[in-house]
Amino acid sequence: MTQQPADDAIATLLKEERRFEPPVSFAEQAHVSLREEYDKLYRESLDAPEAFWKREAQELVFRKPWRTTLAWQPPHAQWFVGAELNVTESCLDRHLRGPRKNKAALVWESEPGETRTWTYAQLHRETVRLTRALAKLGVQKGDRVAIYMGMVPEAVVAMLATARLGAVHTVVFGGFAPDALRDRIHDCQAKVLITQDGAYRRGTVVPLKDMVDRALAQHEARSVENVVVFRRIGPDGCRIAMQPGRDHEWDALMSEADRLPGGGAVAVDAEHPLFILYTSGSTGRPKGVLHTSAGYLVGVHVTSKYVFDLRDEDVYWCTADIGWVTGHSYIVYGPLSNGATCLLYEGAPNFPDWGRFWRVVEKHGVTILYTAPTAIRAFMRQGSDWPQKSDLSSLRLLGTVGEPINPEAWVWYHHFVGGDRCPIVDTWWQTETGSIMLTTLPGAAFAKPGATGLPFFGVEVAVVDDQGADVAPGSGGKLVVRRPWPAMLRTVWGDDARYREQYWSTIPGAYFTGDGARRDADGYHWVVGRIDDVLNVAGHRLGTAEIESALVSHPAVAEAAAVGRADELKGQALVVFVTIKGNHHPSAELAETLAQHVGEQLGKFARPDQIRFAEALPKTRSGKIMRRLLKDVAAGRETSGDLSTLEDFGVIASLRADE
Ligand code: ATP
Ligand code: MG
């Protein structure tokens with residue numbers, strides 16, 4: 001992409017952007033408190049990676065040290081070659097030897113409102129018990145274990161026990177239907193499945209075990225020999241059928257395990273697989289991303305420590321589901337390896353009302369909150385009264401991940417949730433990257449609403465043209481990573497050709513993220529959307545994020561999605577789907593006002609050709625807008641491609657009905 005008039009319009013926008021410096025009181029106590037310090041560490045991480053990673057990984061437990069920091073045979077990396085470890089020893093055992101032994105590891109808030117707290121000693125004990133139980137069921141090093149559960153502490157135990165045996169977990173988000181579960185089981189040939197009877201969601205019970213039965217009834221899922229069932233609800237609220245020989249009660253297995261030996265951590269090679277996780281499917285058929293042991297652990301440990309500035313006193317709450325990579329890296333492995341206290345919330349953010357999140361923050365004294373733009377926009381739509389009803393003064397740091405955050409939503413989050421006192425870390429990363437790649441360290445650098453910021457240690461990103469050459473600062477291009485990093489994916493499970501093709505063939509010598517971005521004069525990165533979604537309107541290249549942000553900056557708009565439709569004259573016509581706030585009504589006048597508003601914000605060329613009001617936008621189950629479906633709707637085509645990750649089929653139907 002070259003510099004174009006569109007960039008001028010955006011430059012005007014950028015000029016108005018504000019900088020948010022870290023509050024002095026925050027910076028003073030932060031792990032990294034000066035920009036110079038960040039710069040120095042960043043340089044060291046690139047120039048002397050051996051020394052850098054050796055020092056940063058010091059706290060972690062290795063049975064055998066590594067010989068070589070990195071062996072790189074593009075596109076395959078091996079990190080910490082020769083090391084042996086079991087990641088659970090860093091997450092559990094190491095804390096038992098000091099004052100964290102009786103510190104809360106997990107604080108669980110159920111949807112109905114009860115609380116359970118597990119100390120590190122208790123979490124360790126439960127993990128050891130399940131490790132024994134799984135061993136008894138024949139799970140061995142390298143076997144795949146599928147986990148299909150809600151947000152309960154037992155799900156964390158299931159992940160850790162699997163890892164403790166050197167087995168490989170694949171967590172399937174509990175909102176997926178039986179067929180999606182079946183496909184994932186089939187793809188990785190899982191031998192054991194861990195589930196629960198049912199899960200609470202918005203006051204009703206999601207019958208997880210029934211869905212398991214439906215998935216396993218299909219012959220593609222026949223690899224599963226044993227099913228472990230945790231009774232979250234109990235027979236009064238959730239009746240299930242247990243298949244003798246195949247299905248086992250969690251409690252019975254755990255009691256039996258008390259009489260068994262074993263439960264120790266199995267040491268594995270640094271590159272031994274830790275988990276397979278299927279991407280959320282915003283852009284197509286989900287990919288089974290493979291992460292391995294040492295590099296992943298080091299990556300999530302170090303990012304958790306610096307990006308969330310974790311301290312022993314913190315109560316850290318990441319609102320993601322453990323079925324997504326954010327749950328893996330920043331609920332389980334990263335925070336636990338740092339000995340943090342993690343809050344786990346079982347239910348929906350708006351149950352029984354839109355005040356729930358904020359009451360949870362107040363009740364547990366949450367200090368760090370990590371959530372997604374989709375949630376923030378949903379809260380914004382409900383108005384600022386809700387957060388104001390609770391005392392949020394315990395918060396000291398906020399984070400976001402998952403999509404570009406519109407500056408409007410950023411500022412709302414900063415003011416109404418963070419009380420203008422909390423830095424916000426906007427973290428860009430992917431299932432594939434395993435750990436955070438771009439953000440501002442909260443005590444060391446100012447934030448700009450809408451920009452993800454600077455590269456994390458060891459991360460060398462670039463914004464390039466189709467030939468792989470750097471574009472000028474301020475111009476748009478493809479976001480790539482130019483050298484391997486510890487937590488990177490190693491391959492696509494069972495499909496190395498897809499790994500090469502998808503990530504390493506677009507730009508010579510670099511990992512292609514699939515995202516479009518721009519780096520500004522401060523070196524801050526702005527992710528403008530998926531490269532496949534970038535619009536070409538009358539010769540101007542526009543990222544979806546900039547159009548959507550312009551719309552969301554209008555007071556009537558809650559959320560927006562921009563897509564292109566083939567147009568003979570302009571190449572592409574710009575169609576936007578808009579949901580509006582409660583106190584506004586769809587009308588031709590409003591559509592005209594919004595089109596004009598975008599024209600004023602970005603330039604006349606960016607004026608949408610069509611504005612369509614919608615009750616809701618189609619999203620993945622992880623809450624991301626699925627623009628590929630909206631493209632079909634805009635073009636009046638049948639919906640094509642993989643639909644298994646779409647949250648609500650009704651949304652697409654109603655969008656079509658509105659035509
Ligand atoms: P699929 O790859 O199956 O289409 P997905 O890309 O949505 O699914 P994830 O790995 O969960 O699956 O999401 C990573 C993507 O989310 C990034 O490539 C980027 O597009 C977007 N993203 C994540 N964090 C941010 C952020 N802070 N700012 C902008 N975009 C982000
Ligand atoms: Mg992706």
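The values are calculated or read from the model by the stated rules, or taken from the named source; none is laboratory data. Computed from a predicted model, the values in this text were never measured in an experiment. Because the Cβ atoms are built from the backbone with ideal geometry, glycine has one as well, and the counts that use them run over all protein chains shown. Note: accessible area is taken over every heavy atom of the protein model, side chains too, but ligands, DNA and RNA are not part of it. Shrake-Rupley method; radii C 1.70, N 1.55, O 1.52, S 1.80 Å.
Hey, can you grab everything whose amide H is under 5 Å from the amide H of residue 230? Only 5+ residues off in sequence or another chain; H modelled, so Pro and N-termini drop out.
Answer set, sorted by chain and number: 195, 196, 197, 250.
Quick one, could you list the DSSP H helices from the chain stretching 15 Å or more along their long axis (Cα atoms) with average Kyte-Doolittle hydropathy of -0.5 or above?
5-16, 153-164, 294-307, 588-602
What FRET efficiency do you get for residue 260 and residue 460 if R0 is 45 Å and r is their Cβ-Cβ distance, rounded to the nearest 0.05?
After rounding, the FRET efficiency stands at 0.40.
Given R₀ = 56 Å, what would the calculated FRET efficiency be for residue 76 paired with residue 385, taking r from the Cβ atoms and rounding to 0.05?
That pair, residue 76 with residue 385, gives E of 0.60.
Under the rule a/c < 1.5 gives rounded, and otherwise a/b versus b/c splits prolate from oblate, where does the stretch 345-398 land using the Cα gyration tensor?
Rounded.
Starting from the Cα-Cα distance between residue 604 and residue 236, subtract it from 0.36 nm times their residue separation and give me the gain in nm to one decimal.
Contour length minus the Cα-Cα distance gives 126.4 nm.
Using a ≥ b ≥ c from the Cα gyration tensor of the stretch 113-266 (square roots of the eigenvalues), is it rounded, prolate or oblate, where a/c under 1.5 gives rounded and otherwise the larger of a/b and b/c decides, a/b for prolate?
Since a/c reaches 1.5 but b/c is at least a/b, the shape of the stretch 113-266 is classed as oblate.
Return an integer: the convex hull volume of the alpha-carbon atoms of the chain, in Å³ per residue.
147 Å³
Take every Cα pair under 8 Å in the stretch 55-186 that's 6+ residues apart, average their separations, divide by the length, and report that relative contact order as a whole percent.
17 percent
Mean separation of Cα pairs under 8 Å and 6+ residues apart, divided by the residue count of the chain: what relative contact order is that in percent?
So the answer I get is 14 percent.
Solvent-accessible area per residue for the stretch 535-657 at a 1.4 Å probe radius, Å²?
The answer is 41 Å² per residue.
Subtracting the Cα-Cα distance from 0.36 nm times the residue separation, let me have the gained length for residue 469 to residue 642 in nm, one decimal.
59.0 nm
For every other residue with a beta carbon closer than 15 angstrom to the beta carbon of residue 41, add +1 if it is Lys or Arg and -1 if Asp or Glu, then tell me the sum.
Net charge around residue 41: -3.
³J(HN,Hα) across the stretch 468-484 via Karplus (A = 6.51, B = -1.76, C = 1.60, θ = phi - 60°), whole Hz, x for Gly/Pro?
Per-residue couplings from phi come out as x, 8, 4, 8, 5, x, x, 8, x, x, 8, 8, 10, 10, 9, 8, x Hz.
Could you put 478, 101, 54, 570 in order of accessible surface area, largest first, with the 1.4 Å probe and the full protein assembly present?
Order by accessible area, largest first: 54, 101, 570, 478.
Would you work out which of 371, 20, 556 lies farthest towards the positive end of the dipole of the chain, given +1 charges on the beta-carbon of Lys and Arg and -1 on that of Asp and Glu, about the Cα centre?
371
With the other protein chains left in place, how much accessible area per residue, in square angstrom, belongs to the stretch 113-266 at a 1.4 angstrom probe?
Value for the stretch 113-266: 38 Å² per residue.
What ranking, highest mean first, results for peptides 335-347, 552-564, 605-617 when packing means the other Cβ atoms within 10 Å averaged over each residue?
Result, highest mean first: 335-347, 552-564, 605-617.
Can you tell me, using C-alpha contacts under 8 Å and at least 6 residues apart, the relative contact order of the stretch 535-657 as a whole percent?
This gives 22 percent for the stretch 535-657.
Kindly give Rg over Rh for the stretch 535-657, based on alpha-carbon atoms, with the Kirkwood expression for the hydrodynamic radius.
0.95
Could you pull out every residue, at least 5 positions away or on a different chain, whose amide H is within less than 5 Å of the one on residue 642? Hs are placed 1.01 Å off N in the peptide plane, and Pro or chain starts have none.
For residue 642, the qualifying residues are 285.
Leaving out ligands, DNA and RNA, and with a 1.4 Å probe, what % of the accessible surface on the chain is carbon or sulfur?
That share works out to 49 percent.
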